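Structure, as structure tokens:
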Amino acid sequence: MGIYQIRNLSNDKIFIDSSKNLNGAKNRFRFQLELGRHINSSLQDEYTAFGKDKFVFEIVDQLSPKEDLTYDYTKDLETLKSLWMEKLQPFNEKGYHSPAELTK
């Protein structure tokens, strides 16, 4: 579990997100984009225009599992994602996010 980015190799724009299952997230991102159904329309438009070979899935950061098997990682992932959004600033020409997402 952790933070990942989808990076456009043509222009280095990135999309950042978190997941409790990084392998599942990688499969989901490919599936959604191939179907033309990704939630981020800017990313979807460029994926369609540039083609799948111009996009890579990269793990940015990972959380270590805790001993407590019932621990909920949701807040930890939200915090970690916020930190990476602040650090990488994936807005405008650098990414597929709206600056308003920083305040969420």
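What to note about this one:
- Residues in the stretch 31-56 that are under 17 Å from Ile14 (Cα atoms) and surrounded by fewer than 15 Cβ atoms within 10 Å (Cβ to Cβ): 12 in all.
- Inter-residue pairs, beta-carbon under 8 Å, first under 19 Å from Met1 (Cβ atoms) and aliphatic (A, V, I, L, M) and in the stretch 78-93, second part of a helix (DSSP H, G or I) and at pLDDT below 95, 6+ apart: Met85/Glu101; Met85/Leu102
- Index of the failed condition, Phe57 passing every other in (1) out of contact with any Phe, Trp or Tyr (no Cβ under 9 Å at 6 or more places or on another chain); (2) of a type outside the set (D, E, K, R); (3) touching a residue at least 24 places away in the same chain (Cβ under 8 Å): (1)
- Every pair of residues 6+ apart whose Cβ atoms lie under 8 Å, when the first sits in the stretch 10-27 and is on the phi < 0 side of the Ramachandran plot and exposed (fewer than 13 other Cβ atoms within 10 Å of the Cβ) while the second is in a helix (DSSP H, G or I) and of a type in the set (S, T, N, Q): none
- If only residues of the stretch 64-102 that are touching a Phe, Trp or Tyr at 6+ places or on another chain (Cβ under 6 Å) and more than 13 Å from Asp12 (Cα to Cα) are counted, the one that is surrounded by the fewest Cβ atoms within 10 Å (Cβ to Cβ) is Pro99.
The values are calculated or read from the model by the stated rules, or taken from the named source; none is laboratory data. This is a predicted model, so every value here is computed, not measured. Here Cβ is always computed from backbone atoms with ideal geometry, including for glycine, and neighbour counts include all displayed protein chains.
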